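Student: Before we start, here is the structure in question, set down as structure tokens.
The values are calculated or read from the model by the stated rules, or taken from the named source; none is laboratory data. This one's a predicted model, so the numbers in the text were calculated from it and none came from an experiment. Using ideal geometry, Cβ is built from the backbone for each residue, glycine included, and neighbour counts are taken over all protein chains shown. In case anyone asks, the SASA skips ligands and DNA or RNA and just uses the protein heavy atoms, side chains included. Shrake-Rupley method; radii C 1.70, N 1.55, O 1.52, S 1.80 Å.
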Amino acid sequence: MSTSHDTLLAAQQLAQLHAGFAQLAQQQLSAAVLGQQARASSELLQALPPRYGEVLLNLLDRLESSALFSEESCSFSQKDLLDNLEAWATKAQAQLEKTR
């Protein structure tokens, strides 16, 4: 059972991640730092169904891998991964709103 405090923390962590996605897109944040931030978002991950965490971690792993290579040599498009992370955040927001 989540409390309103837990839900508030989850919403704050989602907002921080969303800001991190924008910072990454503008090259103000590295994929590794974003990955650490996302993995530390325990209240958010606990507030969402388990599949959300699985999808997020999969996308982050691919994003971090893509950062190791130039865009041309990597099978993962960083822009596409960022688009997928944005879609994930939109769905996560909707899910959090359902639980309020």
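Student: For region 68-100, which positions are at pLDDT below 75 and open to solvent by 50 Å² or more (accessible area, probe 1.4 Å)?
Tutor: LEU68, PHE69, SER70, GLU71, GLU72, SER73, SER75, PHE76, ARG100 - these are the residues of region 68-100 that are at pLDDT below 75 and open to solvent by 50 Å² or more (accessible area, probe 1.4 Å).
Student: Please verify whether SER30 is over 11 Å from the mean Cα position of the chain (by Cα), on the phi < 0 side of the Ramachandran plot, open to solvent by less than 30 Å² (accessible area, probe 1.4 Å) and free of Cβ contacts under 8 Å to residues at least 40 places away in the same chain, treating the condition exactly as stated.
Tutor: no
Student: Here is a follow-up. When you go through (1) in contact with a helix residue (DSSP H, G or I) (Cβ under 9 Å, 6 or more places away or on another chain); (2) open to solvent by less than 60 Å² (accessible area, probe 1.4 Å); (3) not acidic (Asp, Glu) one by one for ALA19, which number turns out not to apply?
Tutor: (1)
Student: Out of the residues in region 1-15 that are at pLDDT 95 or above and loosely packed, with under 15 Cβ neighbours inside 10 Å, which is farthest from ALA67 (Cα to Cα)?
Tutor: So, considering only residues that are at pLDDT 95 or above and loosely packed, with under 15 Cβ neighbours inside 10 Å, the one farthest from ALA67 (Cα to Cα) is GLN12.
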